Amino acid sequence: MVICSELRRPILKIDSSREAAVRGQSLLSLGYATGLSAILARADEDTVKKLLQISGGDPTIVIDELAKRNLIRPLVNTGPYR
């Protein structure tokens, strides 16, 4: 199995200031709950190799390619921040 260490993953910095999140404020979450590595772990090895070649390790391109192949669908959640 191909290990997904070739992906260049961006690091999201958490804003810990008091103004970062306000109770009752609307929140929209969009993404893939299991993470990209878990999604690729379920794909066959040839598909993963092709995706990594096409993307050059860019996770955004990998996700676009998976979506084009109808292999993923993002989850969208909304609600108030608590």
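Please treat every number below as a calculation from the coordinates, not as lab data. Because the structure is a prediction, the values reported are computed rather than measured. Here the Cβ positions follow ideal geometry from the backbone for every residue, glycine too, while neighbour counts run over all protein chains shown.
Please give, to one decimal in nm, the separation of the simple spin-label points placed at Gln53 and Arg69, each 7 Å out from Cα toward the Cβ.
The two pseudo-label positions are separated by 1.2 nm.
Just grab the label-to-label distance for Ile61 and Ala20, each label 7 Å out from Cα along the Cβ direction, in nm (one decimal).
So the label points at Ile61 and Ala20 sit 3.2 nm apart.
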